[in-house]
Amino acid sequence: MAPRIAASADVAPSATIGDGTLVWHLAQVREDAVLGEHCIIGRGAYVGPGVRVGDNCKLQNYALVYEPAVLEDGVFVGPEVVFTNDYFPRAVRPDGTLKTGDDWRAVGVACRTGASIGARSVCVAPVTIGRWAMVAAGSVVTKDVPDFALVAGVPARRIRWVGKAGIPLQQDATGTWVCPQTGDRFTEREGILTELTEAAPGDDSTKMRTNDWATGGTRS
């Protein structure tokens, strides 16, 4: 299915829009940006030059995703979320003359698979939001967020663990974290949550799959 782009949207000719993606009214997709398949870009959203967005992502109304942000598959960006890209923002140089693009080094926000960023949150680059992590509405993220972490506040801090369904995990009598909806199980060690997988037939040991998440900003 071909992408659908509203007549009032501003999409650069060099941008790549995946099949089935919807770009709604007044959205802007800048030069060389790449949007994957079956994404939704809400009204008034902004996608900066060279930004990379995976498949099945949602950018809600007026979300501002500045370059060089990278969003992996299945990322949710709520209304009026801001991803910054300038660690030391100034409009002018020390001599008072207007700065240009050559006067600063862009730093980006990276969102790993399945991450969700709540409405009106601000992610201060460089920062990485881990796999299936969730940022509560109105938070200010200044540090990397681990996989499956629910963070909230200013600055954002981890308050719970969440599963892939977005529901807070519950700890059983053995200390294992369990998703009440999917039954997925996790173990926590030194602030890192690790998914537990079922043992193979004939193997009475529990296999573990450790989350591998990058840190720091990402340039596209």
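Read the figures in this text as sums done on the coordinates, not as results from a lab. Quick caveat, the model's predicted, so the values are computed rather than measured. Don't worry about glycine lacking a Cβ; one is built from the backbone with ideal geometry, like all the others, and counts go over all protein chains shown.
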Quick one: Debye curve from the C-alpha atoms of the range 2-52, no solvent, what's log10 I(q)/I(0) at q = 0.21, 0.32 Å⁻¹? -0.59, -1.38
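About the Cα centre of the chain, what is the dipole size in debye to 20, counting +1 per Lys and Arg Cβ and -1 per Asp and Glu Cβ, all else neutral?
620 debye
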Quick one: compute the contact order of the range 24-101, relative version, from alpha carbon pairs under 8 angstrom and 6+ residues apart, as a percent. 23 percent
For the residue pair Glu37 and Asp19, what label-to-label distance in nm results when each label sits 7 Å from Cα along the Cα-to-beta-carbon direction? 0.5 nm
State which stretch of the chain is the longest one without any exposed GluC sites (Glu not before Pro), exposure meaning a DSSP loop state and at most 16 other Cβ atoms within 10 Å. 38-189
Would you please calculate the Kirkwood hydrodynamic radius of the range 34-116 over all C-alpha pairs and express it in Å, rounded to one decimal? 13.4 Å
Mind sorting Val75, Val127 by how few other Cβ atoms lie within 10 Å of their own Cβ, fewest first? Val127, Val75
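Could you give the dipole magnitude of the range 129-199 about its Cα centre, charging the beta-carbon of Lys and Arg +1 and that of Asp and Glu -1, in debye to the nearest 20?
Numbers: 8 positive and 8 negative charges, 59 e Å.
With Lys and Arg at +1 and Asp and Glu at -1, about 280 debye.
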Given the chain, report the % of alpha carbon pairs whose separation exceeds 27 Å. 38 percent
Dipole of the range 69-168 [Lys/Arg +1, Asp/Glu -1 at C-beta], most positive-end residue of Val122, Val107, Ala149: Ala149
Loop trypsin sites (Lys or Arg not before Pro), the range 97-128 (other Cβ atoms within 10 Å of the site Cβ: 16 or fewer; DSSP): Lys99, Arg105, Arg120
